[in-house]
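Report on the following structure.
We did not get these values from a lab; they are worked out from the coordinates using the rules stated. In this text, all values refer to a predicted model and were calculated from it rather than measured experimentally. Neighbour counts are summed over all protein chains in view; Cβ atoms, including those assigned to glycine, are modelled from backbone coordinates with ideal geometry.
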Amino acid sequence: MAVITRNPRDTRISEAGARGIKEALLAGPASGSNKFTVRRITLEPDGLTARTGFPQTTVYFVFQGRVALSHQGDELDMLKQGDTAVVHPGEIHHLHNIEKTRSIVIKVASQ
């Protein structure tokens, strides 16, 4: 049976080191997705996610805008609309919106 998520609510994220970011849960265990979670991340201009490393593989898909992905210490990759990045378990990283308008990124993480 399919589970539909409609109009997920954005929640402002207030983690240390993060700014100008909202997140919405699109799919996860509560909606019957036991193998992964899917989130929509909205980054305001100059928005920044917290620097972190997750215990699972994480995939980022840039839906709108451009973001800088900082990872592996000081390595920096520029991602534009349509680009995908795979971040391996434990890899410390963060996203930074480099646009003058908001950017939207879809984050998929395995469970």
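Counting only C-alpha contacts under 8 Å and six or more residues apart, can you give the relative contact order of the chain as a whole percent?
Normalised by residue count, the contact order of the chain is 30 percent.
Among 61-70, 77-86, how do they line up from the highest to the lowest mean number of other beta-carbon atoms within 10 Å?
Highest to lowest by the protection proxy: 61-70, 77-86.
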Which Cα, out of A18, G28, V105, lies furthest along the positive dipole direction of the chain (beta carbon charges, K/R +1, D/E -1)? G28
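For the chain, report the convex hull volume of the alpha-carbon atoms normalised per residue, in Å³, without decimals.
For the chain, the hull spanned by Cα atoms encloses 102 Å³ per residue.
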Using the Kirkwood formula on alpha carbons, the hydrodynamic radius of region 49-111 in angstrom works out to 11.7
Rank-order 41-52, 12-23 by packing density, defined as the average count of other C-beta atoms within 10 Å over each peptide's residues, highest first. 41-52, 12-23
Quote to one decimal, in nm, the extra length available between A30 and I4 on full extension: 0.36 nm per residue of separation minus the C-alpha distance between them. 8.2 nm
